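Report on the structure given below.
The values are calculated or read from the model by the stated rules, or taken from the named source; none is laboratory data. It should be emphasised that the depicted structure is a prediction, and the values quoted were computed from it without experimental measurement. Virtual Cβ from ideal backbone geometry, glycine too; neighbours counted across all protein chains shown. These accessible areas exclude ligands, DNA and RNA; they are computed on the full protein's heavy atoms, side chains included. Shrake-Rupley method; radii C 1.70, N 1.55, O 1.52, S 1.80 Å.
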2 protein chains.
Amino acid sequence: MKKVNRVAIVGGTHGNEFTGAFIVKKFEQFPNLIKRSSYETLTILGNPKAFYVGRRYIEKDLNRCFLQENLQNVTLASYEDIRAKEITKILKEDSQTKVDVIIDLHSTTANMGLSIILGNQHPFLLKLAAYLSAVNPLVNVCYTTPEKGSNFLRSLNELGFVIEVGAVAQGVLNADLFQKTEQLIHTILDYLEKHNQGDIPETNYPLTLYKSIGTVDYPRNENGEIQAMIHPDIQFRDYQPLNPGDPLFLTLDGKAIAYKGASTVYPIFINEAAYYEKGIAMLFTEKQIITDVGV
Amino acid sequence: MKKVNRVAIVGGTHGNEFTGAFIVKKFEQFPNLIKRSSYETLTILGNPKAFYVGRRYIEKDLNRCFLQENLQNVTLASYEDIRAKEITKILKEDSQTKVDVIIDLHSTTANMGLSIILGNQHPFLLKLAAYLSAVNPLVNVCYTTPEKGSNFLRSLNELGFVIEVGAVAQGVLNADLFQKTEQLIHTILDYLEKHNQGDIPETNYPLTLYKSIGTVDYPRNENGEIQAMIHPDIQFRDYQPLNPGDPLFLTLDGKAIAYKGASTVYPIFINEAAYYEKGIAMLFTEKQIITDVGV
């Protein structure tokens with residue numbers, strides 16, 4: 001792995017995810033906090049207009065605007081399409097500012113604790129993730145594969161990843177999660193510094209990786225209206241095993257709907273507010289333990 | 001007190017407060033659930049357009065559109081102004097549908113449990129509220145005085161009140177709170193039935209009333225940008241005593257800001273997402289115990 005020369009911390013890619021947005025605001029105010037001797041760190045407030053009005057986005061989800069072909073499509077001219085092109089220019093194209101690592105900060109109404117979300121299995125990312133989950137028991141690591149080329153901001157760089165924290169309501173700043181997220185960022189920045197200094201510990205931590213295997217929608221009627229809720233037994237129980245026959249949903253009139261799959265899965269993003277419109281009640285993952293992530 | 005002839009249950013006055021909106025949807029699907037022998041019950045989805053897009057409102061907060069003079073002002077023509085006039089016609093003006101009692105269902109990101117919010121101290125409401133908090137320990141009762149005539153939907157009727165439940169994120173349906181809220185509605189409907197049948201228990205339950213004495217904003221800089229968060233010690237601690245010197249906020253750079261008032265207060269609506277834009281971090285209340293609410 002080559003030396004890291006520049007790192008980007010992005011917050012507020014979704015305007016109503018205040019944890020990341022306010023952490024970026026803080027780092028803008030106190031830039032010394034993210035200064036390290038061997039590389040440069042820059043901050044970006046992803047969607048300033050959406051942050052200002054406290055909404056996820058203005059016209060479309062910015063974090064679905066980074067498909068390579070769309071970034072090159074000049075006819076796409078919504079606020080978020082334009083913003084995606086601006087961010088791409090800064091983080092990827094302009095040789096004065098382009099980065100080697102992207103940390104994109106998100107929050108969720110699901111009980112995801114401190115999650116690291118990877119979009120690829122670059123050995124350096126796996127080793128970093130293994131280290132983070134070893135030193136901080138609140139950290140879980142997931143891997144979500146892009147279906148048809150990734151449209152996420154993190155995919156601008158092979159060393160791009162997401163920190164996803166929750167449970168926290170949209171449009172709310174939670175001091176406890178704010179502090180834990182900031183602490184995690186400092187651990188990452190220190191790790192990158194050690195990497196540059198050839199000082200990464202030899203220890204090969206095992207990595208528990210939750211790999212997405214698909215999404216589940218809410219039960220709906222023929223008009224698309226939701227007919228059942230997340231069952232109380234699994235609400236806020238992200239990363240916990242869901243076995244065949246376990247309750248999954250509860251209809252509005254109180255009947256449990258069981259999980260009918262053949263094998264145990266580990267749901268994540270359970271009851272994320274922003275996913276109602278996407279037809280996603282949760283993601284199912286498989287749990288994989290990687291004992292050797294050595295680079 | 002005269003007989004109750006018609007009761008309205010309103011949900012989704014704010015489109016992203018799903019608990020009430022989905023309870024109304026359920027009652028529309030199963031109308032027998034809210035049928036009682038001595039009066040009629042109608043349901044209203046307050047802001048259908050906002051509910052459809054999962055936002056609090058489209059153009060302005062519907063639950064601030066019910067000031068008497070605004071309802072009569074024909075130049076006010078936003079979607080919510082028009083909707084407020086429609087609702088007023090149904091609940092107050094049309095003799096075929098006008099109601100004696102309004103139950104307006106709301107939810108909040110603050111940890112308000114099951115709160116009954118009164119806008120006046122009509123003896124019948126006080127007695128009902130005392131009964132509800134006696135039979136259900138999760139129920140708290142607050143009283144918020146309108147500053148310059150009430151602009152809330154509940155104020156269409158002297159027997160109008162709010163059920164405010166939380167903590168729950170905006171745009172999220174939480175099964176546990178959904179069921180508790182529905183149960184509370186049934187208790188209220190049964191109470192009204194007993195009232196009509198002259199069968200209200202004689203017991204004079206004491207009432208603990210949290211009376212609003214003002215609002216507190218977040219510390220902000222000269223540009224209006226938030227500089228501090230709700231202190232972790234009071235997050236989710238609505239209705240708990242806050243004493244002089246107790247921590248209130250935490251600045252982004254980690255300094256505690258203490259409550260400097262002279263007397264103990266009881267904060268409510270702590271860290272409600274929708275109140276950031278209104279300049280409200282919480283409401284302070286005083287606790288009052290009324291031993292005799294007899295009508």
For segment A:74-93, what are the residues that are more than 28 Å from B:Glu225 (Cβ to Cβ) and open to solvent by 50 Å² or more (accessible area, probe 1.4 Å)? A:Val74, A:Thr75, A:Ala77, A:Lys92, A:Glu93
Filter segment B:33-46 for residues that are under 13 Å from B:Val7 (Cα atoms) and part of a loop (DSSP other than H, G, I, E, B); the one that is nearest to the other protein chains (Cβ to nearest Cβ) is B:Lys35
Among strands (runs of 3 or more DSSP E) lying entirely in segment B:85-189, which contain 3 or more residues that are closer than 18 Å to B:His14 by Cα? B:101-107, B:113-118, B:160-166
The conditions are (1) part of a loop (DSSP other than H, G, I, E, B); (2) closer than 26 Å to A:Asp253 by Cβ; (3) open to solvent by 30 Å² or more (accessible area, probe 1.4 Å), and B:Asp199 fails exactly one of them. Which is it? (2)
Criterion violated by B:Lys260 - all others in (1) exposed (fewer than 15 other Cβ atoms within 10 Å of the Cβ); (2) in contact (Cβ under 8 Å) with a residue 24 or more places away in the chain satisfied: (2)
Within segment A:270-294, track down each residue that is open to solvent by 20 Å² or more (accessible area, probe 1.4 Å), closer than 30 Å to A:Pro201 by Cβ and of a type in the set (A, V, I, L, M). A:Ile289, A:Ile290
Going through B:Phe66, B:Phe124, B:Phe22, B:Phe30 one at a time, which residue ends up being within 14 Å of chain A (Cβ to nearest Cβ), within 30 Å of B:Ile200 (Cβ to Cβ) and among the aromatic types (Phe, Trp, Tyr)? B:Phe30
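The rows are residues; the columns are (1) modelled with pLDDT under 95; (2) closer than 29 Å to B:Gly279 by Cα.
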position: A:Glu40; (1), (2): no, no
position: A:Ile44; (1), (2): no, yes
position: A:Ala50; (1), (2): no, yes
position: A:Arg64; (1), (2): yes, no
position: A:Leu67; (1), (2): yes, no
position: A:Ala77; (1), (2): yes, no
position: A:Ile82; (1), (2): no, no
position: A:Asp94; (1), (2): no, no
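Which residue out of A:Thr13, A:Thr43, A:Thr19 is touching a residue at least 12 places away in the same chain (Cβ under 8 Å), among the β-branched types (Val, Ile, Thr) and open to solvent by 30 Å² or more (accessible area, probe 1.4 Å)?
Details: A:Thr13 fails: open to solvent by 30 Å² or more (accessible area, probe 1.4 Å); A:Thr19 fails: open to solvent by 30 Å² or more (accessible area, probe 1.4 Å).
On inspection, the qualifying residue turns out to be A:Thr43.
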Any chance segment A:11-32 includes a residue that's modelled with pLDDT of 95 or more, assigned to a loop (DSSP other than H, G, I, E, B), in contact with a Ser or Thr (Cβ under 6 Å, 6 or more places away or on another chain) and not aromatic (Phe, Trp, Tyr)? yes
Hey, among the residues in segment A:142-161 that are under 21 Å from A:Arg237 (Cβ atoms) and modelled with pLDDT of 95 or more, which one's farthest from the other protein chains (Cβ to nearest Cβ)? A:Tyr143
Got a number for residues in segment A:123-149 being out of contact with any strand residue (DSSP E or B) (no Cβ under 9 Å at 6 or more places or on another chain) and closer than 26 Å to A:Asp61 by Cα? 4
Residue under question is B:Ile82, and the condition is that it be in contact with a strand residue (DSSP E or B) (Cβ under 9 Å, 6 or more places away or on another chain) and among the aliphatic types (A, V, I, L, M); does it hold? no
For segment B:137-146, which positions are open to solvent by 40 Å² or more (accessible area, probe 1.4 Å) and polar (S, T, N, Q)? B:Asn140, B:Thr145
Could you list all residues from segment B:102-135 that are of a type in the set (Gly, Ala, Ser), in contact with a helix residue (DSSP H, G or I) (Cβ under 8 Å, 6 or more places away or on another chain) and surrounded by fewer than 24 Cβ atoms within 10 Å (Cβ to Cβ)? B:Gly119
Hey, does segment A:215-228 have a residue that's assigned to a loop (DSSP other than H, G, I, E, B), open to solvent by 10 Å² or more (accessible area, probe 1.4 Å) and hydrophobic (A, V, I, L, M, F, W, C)? no
Please list, ordered by first then second residue, the pairs with beta carbon atoms under 9 Å, 6 or more apart or interchain, first in segment B:187-212 and over 23 Å from B:Tyr239 (Cβ atoms) and hydrophobic (A, V, I, L, M, F, W, C), second part of a loop (DSSP other than H, G, I, E, B) and open to solvent by less than 20 Å² (accessible area, probe 1.4 Å). B:Leu192/B:Val4
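Go through A:Lys3, A:Lys60, A:Lys49 for me and flag whichever is away from chain B (no Cβ under 13 Å), open to solvent by 40 Å² or more (accessible area, probe 1.4 Å) and in a helix (DSSP H, G or I). Steps first, answer last, please.
Working: A:Lys3 fails: in a helix (DSSP H, G or I); A:Lys60 fails: in a helix (DSSP H, G or I).
Result: A:Lys49 is the single residue among A:Lys3, A:Lys60, A:Lys49 that is away from chain B (no Cβ under 13 Å), open to solvent by 40 Å² or more (accessible area, probe 1.4 Å) and in a helix (DSSP H, G or I).
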List the strands (runs of 3 or more DSSP E) that sit entirely inside segment B:229-295 and contain at least 2 residues that are within 13 Å of chain A (Cβ to nearest Cβ) and under 28 Å from B:Arg56 (Cα atoms). B:247-251
Within segment A:173-193, considering residues that are open to solvent by less than 10 Å² (accessible area, probe 1.4 Å) and within 30 Å of B:Lys278 (Cβ to Cβ), the one farthest from the other protein chains (Cβ to nearest Cβ): A:Thr181
Condition broken by A:Arg36, with the remaining ones in (1) out of contact with any strand residue (DSSP E or B) (no Cβ under 7 Å at 6 or more places or on another chain); (2) closer than 25 Å to B:Leu250 by Cβ; (3) open to solvent by 20 Å² or more (accessible area, probe 1.4 Å) satisfied: (2)
